[in-house]
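Read through the structure below, which is laid out as structure tokens, and then see the notes.
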Amino acid sequence: MRIDKWLWAARFFKTRSLVQQAVESAKVRLNKEGVKPAKIIKFADIVNIRIGTQEWEVRVLAFNEKRGSATQAQALYEHTAESLAKREAETLLRQSTPAEPAKGRHGRPTKRDRRQLEFWLKS
């Protein structure tokens, strides 16, 4: 099965065109090597996928020509132990760091803001 069809059926990407863009920009690797969208994958291949800041390393377990439900998609692959450990560490790190507070409004001041500025400047 082609890697672009498999990634789409496994629900890592919403559309096949997004899969093709990711594969062509080297965000998808097969057995640690760069691939093209038409690359044929086999059972037990390792696929590395990077979407934004998230990374997955999965082992191919099955194939499906059609895109099914999320439970059917999860049956197509399994996460590797290293991938699970790395994602858990990232989750703990993200939870332990406090979120930055909002730094106020951005952009043009509102009418109310301008009136307050005028008041402060006059007094």
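Values quoted throughout were computed directly from the atomic coordinates according to the rules given, and no laboratory measurement underlies them. Keep in mind the model is a prediction, meaning the values are calculated, not measured. Here the Cβ positions follow ideal geometry from the backbone for every residue, glycine too, while neighbour counts run over all protein chains shown.
Observations on the model:
- Derived scalar couplings ³J(HN,Hα) [the stretch 32-40; Karplus, 6.51 cos²θ - 1.76 cosθ + 1.60; whole Hz; x for Gly, Pro]: 6, 10, x, 9, 10, x, 8, 4, 7
- For GluC sites (Glu not before Pro), the sites in the stretch 15-77 that DSSP calls loop and that have at most 15 other Cβ atoms within 10 Å are Glu65.
- Only aspartates and glutamates eight or more places from Lys14 in sequence, or on another chain, were considered; those with a Cα closer than 18 Å are Asp4, Glu24, Glu55, Glu65.
- Taking all Cα pairs closer than 8 Å and separated by 6 or more residues, the relative contact order of the chain comes to 20 percent.
- The Cβ shell under 11 Å around Gln72 holds other residues with a net charge of +3, Lys and Arg each +1, Asp and Glu each -1.
- Neighbour cut-off at most 13 other Cβ (10 Å), DSSP loop, trypsin sites (Lys or Arg not before Pro), the stretch 24-123: Lys32, Lys42, Lys66, Lys103, Arg105
- Computed from label points 7 Å out along Cα-Cβ, the spacing between Phe119 and Ser69 is 5.9 nm.
- Per-residue 3J(HN,Hα) values for the stretch 52-67, derived from phi via the Karplus relation 6.51 cos²θ - 1.76 cosθ + 1.60 with θ = phi - 60°, read x, 9, 8, 10, 10, 10, 10, 9, 6, 10, 8, 10, 8, 6, 10, 7 Hz in sequence order (x marks Gly and Pro).
- Above 24 Å, the calculated P(r) of the chain contains 45 percent of its Cα-Cα pairs.
- For the stretch 4-18, the Karplus equation 6.51 cos²θ - 1.76 cosθ + 1.60, evaluated at θ = phi - 60°, returns couplings of 5, 5, 5, 4, 5, 5, 7, 6, 7, 9, 6, 10, 5, 5, 5 Hz by residue, with Gly and Pro reported as x.
- With 20 Å as the limit, the listed pairs Lys5/Lys39; Lys39/Lys66; Lys5/Lys86 have Lys5/Lys86 beyond it between alpha carbons.
- Of all segments of the chain bounded by chymotrypsin sites (Phe, Trp or Tyr not before Pro) found in a DSSP loop with no more than 16 other C-beta atoms within 10 Å, the longest spans 64-123.
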